[in-house]
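The values are calculated or read from the model by the stated rules, or taken from the named source; none is laboratory data. Keep in mind that this is a model prediction, so the values were computed, not measured. Here the Cβ is made from the backbone with ideal geometry for all residues, glycine too, and neighbour counts use every protein chain on show. The area values use the complete protein model at the heavy-atom level, side chains included, leaving out ligands, DNA and RNA. Shrake-Rupley method; radii C 1.70, N 1.55, O 1.52, S 1.80 Å.
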Amino acid sequence: MQAIETKGEITADTKLPHLITALPGPKAKEIVERDSQVVSPSYTRDYPLVAKRGRGAVIEDVDGNKFLDFAAGIAVVSTGHCHPEVVAAIQKQAAELIHMSGTDFYYPNMVELAEKLVSIAPGKEPKRVYFGNSGTEAVEAAIKLAKYHTKRDKLVAFHGAFHGRTMGSLSLTASRAVQRKGFGTLLSGVFHVPFPDTYRGTYGIRPENASADCLSYLENELFRRRVDPDEVAGIFIEPIQGEGGYLPAPAEFLQGLEKICRKYGIMLVADEVQSGMGRTGKWWAVDYAGVEPDIICTAKGIASGMPLSAIITKASVMNWKPGAHASTFGGNPVCIAAALATLGLIEGSYMDNAARMGEFIKQQTANWPERHKIVGEVRGRGLMIGIEFVRDQKTKEKAPDLRNRVVQMAFHKGLLVLGSGDTTLRLCPPLVIDEEQATFAVRTLDGILSEIEKTV
């Protein structure tokens with residue numbers, strides 16, 4: 001299957017991969033070599049993709065190879081690469097005003113975006129918005145606000161969580177030891193508890209009781225033996241863990257967590273950096289559970305690739321005084337223009353498309369655990385889908401090496417995917433994909449699994 005090409009560039013008709021060189025190509029090899037000499041070695045690159053341009057769900061590299069992007073800049077380019085309406089909004093705003101600092105002055109479009117975010121936030125209570133530049137900044141702001149508002153200093157997060165890499169958010173992160181190793185003492189007063197894994201269960205037992213077991217641990221173990229709940233400022237949770245394996249928290253767990261927070265006056269903080277902005281088929285993953293967090297953190301898909309984040313809070317919670325927290329670049333007018341265009345497109349059609357295409361992919365992959373012995377489970381909501389790989393379906397032994405092989409083989413077939421957690425493949429394409437692109441991705445992965453299974 002090949003794309004339609006016009007003078008070698010990506011056009012509106014370019015929908016599927018087209019590879020013209022071995023990977024990586026000669027120009028890509030040169031860039032990778034130069035990168036290795038001057039760029040931080042802390043970056044994680046799964047394969048040598050050197051991107052030059054993008055349109056929709058297609059990326060072209062420096063050698064002219066075209067790839068179907070099912071990673072979306074780690075769930076960032078929600079409206080696809082370089083959507084014409086987003087590009088036009090960026091260009092128009094950049095020609096008018098690039099920066100004046102919303103910390104010290106006012107922007108009309110900052111107010112407009114805040115009003116829009118308030119209107120789509122869950123629950124009926126009035127809301128307020130604070131703007132930053134990235135997901136980790138949103139989490140840092142939420143940490144400070146939760147402590148400021150409650151006058152408490154303890155925090156609770158979950159095993160497998162990823163909330164960012166700056167020192168405060170890193171203290172909440174419990175995804176991989178390498179992310180914390182070597183940085184010394186992190187933020188004090190942070191406690192981690194089990195996340196409700198309905199595939200493996202809490203500590204590998206009773207998957208059917210995952211929610212009840214985790215809620216019981218929180219109240220009967222953590223709050224009885226390690227920290228008084230009256231000292232806890234906030235409980236931070238990803239409604240669907242991003243780096244933890246694309247694990248959705250069951251609705252009953254989120255509802256139970258909300259009750260516990262209300263019982264003890266604890267702020268419920270939903271980190272929707274990866275799961276928000278229509279990716280799950282609703283504005284927020286918490287919408288499936290009907291809960292109203294005190295604070296929502298959002299970033300990634302909010303501005304189609306421009307650096308922007310926000311926390312949306314109950315107005316009664318955001319009671320900090322002028323000077324308590326701010327950001328020079330947070331709410332940059334160009335980024336906000338991109339966000340307003342993005343939200344309009346998501347609301348107009350792409351959120352519904354995420355629900356449809358997510359259901360289509362789930363239907364096409366639902367029988368994979370029966371057809372493929374190395375697939376343990378396919379899970380997720382909308383276009384946030386995780387495929388868990390196992391060495392043995394009965395023991396559920398993790399198989400990170402098999403997952404990694406899938407990622408590499410997919411790249412060499414023109415499909416861009418990423419891992420998540422120890423042993424999960426994540427599918428998080430732009431919300432603009434159509435059935436033809438979804439079918440190509442499913443068939444490509446299906447063939448790769450069959451190929452791998454011949455060797456295990």
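Over segment 252-311, what lengths in whole Å, largest first, do the semi-axes of the equivalent ellipsoid take, defined as the square roots of 5 times the eigenvalues of the alpha-carbon gyration tensor?
Numbers: eigenvalues 113, 34, 7 Å².
Working through the eigenvalues yields semi-axes of 24, 13, 6 Å.
What are the semi-axes of the equivalent ellipsoid of segment 346-429, taken as the square roots of 5 times the eigenvalues of the Cα gyration tensor, listed largest first and rounded to whole Å? Please report the intermediate quantities before stating the final value.
Working: eigenvalues 116, 45, 22 Å².
Equivalent ellipsoid of segment 346-429: 24, 15, 10 Å, largest first.
When only the heavy atoms of the protein chains count and the probe is 1.4 Å, how do Met100, Met318, Met384 rank by accessible area, highest first? Could you put the intermediate results ahead of the total?
Details: Met100 95, Met318 25, Met384 0 Å².
The ordering from most to least exposed comes out as Met100, Met318, Met384.
Considering the dipole of the chain built from charges on the beta carbon (Lys and Arg +1, Asp and Glu -1) around the Cα centre, which of Leu340, Ile90, Ile387 is farthest to its positive end?
In the chain, that residue is Ile387.
Quick one: which residues, 5+ away or cross-chain, put their amide H under 5 Å from the amide H of Leu247? H built at 1.01 Å from N.
Those qualifying (amide H under 5 Å, at least 5 residues apart or on another chain) are Gln241.
Residue-wise, which Karplus ³J(HN,Hα) couplings in Hz belong to segment 98-107, taking 6.51 cos²θ - 1.76 cosθ + 1.60, θ = phi - 60°, and x for glycine or proline?
Result, rounded to whole Hz: 9, 7, 9, 6, x, 5, 10, 9, 10, 10.
Taking the Cα centre as origin and putting +1 on Lys and Arg beta-carbons and -1 on Asp and Glu beta-carbons, what dipole magnitude results for the chain, to the nearest 20 debye?
Details: 53 positive and 53 negative charges, 159 e Å.
With only Lys, Arg, Asp and Glu charged at Cβ, the dipole is about 760 debye.
Translational diffusion coefficient of segment 292-414 at 10 °C, 1.306 mPa s, Stokes-Einstein with Kirkwood Rh over Cα pairs, in µm²/s as a whole number. If you can, show how the numbers build up before the last one.
Details: Rh = 18.3 Å.
Once the numbers are plugged in, D ends up at 87 µm²/s.
Say the cut-off is 30 Å between C-alpha atoms; which of Lys29/Lys282; Lys147/Lys398; Lys396/Lys454; Lys154/Lys259; Lys66/Lys454; Lys263/Lys398 go over it? Please list the in-between numbers first.
Details: Lys29/Lys282 41 Å; Lys147/Lys398 38 Å; Lys396/Lys454 20 Å; Lys154/Lys259 19 Å; Lys66/Lys454 28 Å; Lys263/Lys398 38 Å.
In this structure, Lys29/Lys282; Lys147/Lys398; Lys263/Lys398 exceed 30 Å between Cα atoms.
Along the positive direction of the dipole of segment 293-363 (beta-carbon charges: Lys, Arg +1; Asp, Glu -1; about the Cα centre), which of Gly301, Met318, Met351 reaches farthest?
Met318
Please turn the phi angles of segment 434-439 into ³J(HN,Hα) values with the Karplus equation 6.51 cos²θ - 1.76 cosθ + 1.60 (θ = phi - 60°), one per residue in order, whole Hz, x for glycine and proline.
With the stated coefficients, segment 434-439 comes to 10, 5, 5, 5, 4, 5 Hz.
Over segment 51-109, what percent of the accessible surface lies on carbon and sulfur atoms, probe 1.4 Å? Display every interim value, and only then the final one.
Working: 1660 of 2700 Å².
That share works out to 62 percent.
For segment 154-290, give the magnitude of the charge dipole about the Cα centre (Cβ charges: +1 Lys/Arg, -1 Asp/Glu; no others), in debye to the nearest 20.
Value, rounded to 20: 360 debye.
Okay, helix-only estimate at 222 nm for the chain: each DSSP H run of n ≥ 4 adds -39500 (n - 2.57), divide by all residues, round to 500 deg cm²/dmol; what do you get? Kindly include the intermediate steps, with their values, before the conclusion.
Values: 13 runs with 150 residues, N = 456.
-10000 deg cm²/dmol, from helical runs alone.
Run through segment 121-213 and list the trypsin sites (Lys or Arg not before Pro) located in a DSSP loop whose Cβ has at most 10 other Cβ atoms within 10 Å.
Numbers: sites: Lys124, Lys127, Arg128, Lys144, Lys147, Lys151, Arg152, Lys154, Arg165, Arg176, Arg180, Lys181, Arg200; in loops: Lys124, Lys151, Arg152, Arg165, Arg176, Arg180, Lys181, Arg200.
Filter output for segment 121-213: Lys124, Lys151, Lys181.
Non-local amide H neighbours of Val375 (under 5 Å, H modeled in plane, Pro and chain starts lacking H): which ones?
The answer is Val390.
Working only with C-alpha atoms, what are the Rg and Dmax values of segment 53-185, expressed in angstrom?
19.1, 56
For a quick check: with amide H placed at 1.01 Å from N, whose amide H comes under 5 Å from Gly201's, ignoring anything fewer than 5 positions away on the same chain?
none
Let's see if you can work this out: charge +1 on each Lys and Arg Cβ, -1 on each Asp and Glu Cβ, no other charges. What is the dipole magnitude of segment 19-152 about its Cα centre, in debye to the nearest 20? All intermediate terms of the calculation are to be shown ahead of the outcome.
On the way: 17 positive and 16 negative charges, 97 e Å.
Around 460 debye, computed over segment 19-152.
At 1.4 Å probe size, with every protein chain present, just tell me what the per residue accessible area of the chain comes to in Å². Don't jump to the answer; show the numbers that get you there.
Numbers: 19500 Å² over 456 residues.
Computed with neighbouring chains in place, this is 43 Å² per residue.
Provide the per-residue ³J(HN,Hα) series for segment 34-50, in order, calculated from phi with Karplus coefficients 6.51, -1.76, 1.60 and θ = phi - 60°, each as a whole number of Hz, with x at glycine and proline positions.
5, 4, 4, 8, 10, 9, 3, x, 6, 5, 9, 10, 6, 7, x, 7, 10
Excluding ligands and nucleic acids, what accessible area in Å² is computed for Asp401 using a 1.4 Å probe, to the nearest 10?
Roughly 70 Å² of Asp401 is accessible to a 1.4 Å probe.
Roughly how many percent of the accessible protein surface of segment 365-414 is carbon and sulfur, given a 1.4 Å probe and a whole-percent answer?
Ligands and nucleic acids excluded, carbon and sulfur reach 46 percent.
Which of rounded, prolate or oblate describes segment 326-366 when judged by the alpha-carbon gyration tensor and an a/c cut-off of 1.5?
Working: a/c = 6.00, a/b = 2.64, b/c = 2.27.
Prolate shape, in that a/c is at least 1.5 and a/b is the bigger ratio.
Which net charge results for the neighbourhood of Asp35, defined as the other residues with beta-carbon distances under 15 angstrom from its beta-carbon, given Lys and Arg at +1 and Asp and Glu at -1?
Numbers: positive: Lys27, Lys29, Arg34, Arg45, Lys52; negative: Glu30, Glu33, Asp46, Asp61.
Here the count lands on +1.
With only alpha-carbon atoms counted, please give the Rg and Dmax of the chain, in Å.
According to the Cα coordinates of the chain, Rg and Dmax are 21.8, 68 Å.
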